[in-house]
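Here is the structure we will look at, set down as structure tokens.
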Amino acid sequence: MTLSLAGIPLGNPGDASTRLKDAIENAGIVAAEDSRKFHRLCADLNIDFKGRVLSFFEGNEQDRTADILTMLQAGTSVLVVSDAGMPTISDPGFRLMRDAIAAGIPVSVIPGPSAVTMAIALAGLPTDRFVFEGFSPRTSGAREKFFENLRNEERTIVWFEAPHRLLDALEDAVAVFGPDRRGAICREMTKRYEETIRATLGELLSWAQNNEVRGEITMVLEGAPSNSAEISSEGMVSRVREFEAAGMDRKSAIATVAEEFSVAKRVVFAAMVDSKSASKITT
């Protein structure tokens, strides 16, 4: 019995490895995110799959994980595939892998194409250090907080974006990071209409406003300059004090600086609190 996770081509079946083809041909049970897409992949690879296919997607992941663990403990091997890329990476499979390891079940991974690393390579941004954030939140408020938490991230940032939310996400990103941060929209990678748009966030927003966005989207954004958090905090505190010295009350000064720095008022308030705490320590 073995639980195997297999990396699936992002779109071009020519990216399938010989090891992947052999694994599918010899699998008795395949847990697939979408059975129709799995059978289409088999057809593209000229594989006559005769095993059993189980649906394994976000909606049934918890129950199906228990079913698959029972099969594995009974001695049956299971191959897990997603629609594209590696299971567990913004796709079902993490819980199953975690629980199988905890139960002492042998596990293996068949590596394959990665949207994350491919997008970083295509973007032309620093590749020595990066952070992957999965999908951005669906709602504007949560998405704004999501970006605010990444404002001072110095590593290259990668996240997945739904095409119908790209415009809203870029508007929020510009509001948080500013229009001049460099980034890239990597669309439909390895597929017929593959396209990479490399530009500043402001220019990417303009592109999204003037084009119909379709297909799978991976976003890449350059990291913040070194020590940007300290510089930003010092600058905000300094500006608040300037406005206060000019006769403005603290609340109004914080609101004005928040607008000036394009950040939430709570960020400026936190910088003021931190500054006050630091001054107490030094004195």
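The values are calculated or read from the model by the stated rules, or taken from the named source; none is laboratory data. Quick caveat: nothing in here was measured; it's all calculated off a predicted structure. Please note: Cβ atoms are built from the backbone with ideal geometry, for glycine as well, and neighbour counts cover all protein chains shown.
Of the residues examined, Gly183 is not one that is buried (at least 20 other Cβ atoms within 10 Å of the Cβ) and on the phi > 0 side of the Ramachandran plot. Considering only residues in segment 208-220 that are within 21 Å of the chain's Cα centre (by Cα) and farther than 22 Å from Pro126 by Cα, the one that is surrounded by the fewest Cβ atoms within 10 Å (Cβ to Cβ) turns out to be Arg214. Say whether the condition of being in contact with a Pro (Cβ under 9 Å, 6 or more places away or on another chain), within 18 Å of Ile105 (Cβ to Cβ) and in the same structural domain as Pro106 (by TED's automatic domain parsing) is met by at least one residue in segment 38-50. Looking for residues that are in contact with a Pro (Cβ under 9 Å, 6 or more places away or on another chain), within 18 Å of Ile105 (Cβ to Cβ) and in the same structural domain as Pro106 (by TED's automatic domain parsing), one finds none in segment 38-50, hence no. List pairs: first in segment 2-19 and more than 12 Å from Met97 (Cα to Cα) and without any contact (Cβ under 8 Å) to a residue 60 or more places away in the chain, second among the aliphatic types (A, V, I, L, M) and surrounded by 20 or more Cβ atoms within 10 Å (Cβ to Cβ), Cβ under 9 Å, 6+ apart or cross-chain? What qualifies is Pro13/Leu41. Out of all the residues in segment 162-169, is one or more in contact with a Gly (Cβ under 8 Å, 6 or more places away or on another chain), outside the structural domain of Asn26 (by TED's automatic domain parsing) and at pLDDT 95 or above? There is at least one residue in segment 162-169 that is in contact with a Gly (Cβ under 8 Å, 6 or more places away or on another chain), outside the structural domain of Asn26 (by TED's automatic domain parsing) and at pLDDT 95 or above. When Ala84, Ala169 are screened for being surrounded by 21 or more Cβ atoms within 10 Å (Cβ to Cβ), touching a helix residue (DSSP H, G or I) at 6+ places or on another chain (Cβ under 8 Å) and within 30 Å of Leu20 (Cβ to Cβ), only Ala84 passes. Checking Asp99, Asp128, Asp48, Asp63 one by one, the residue that is farther than 17 Å from Ala6 by Cβ, touching a Cys at 6+ places or on another chain (Cβ under 8 Å) and either crowded, with 17+ Cβ neighbours inside 10 Å or of a type outside the set (Ser, Thr, Tyr) (or both) is Asp48 and no other.
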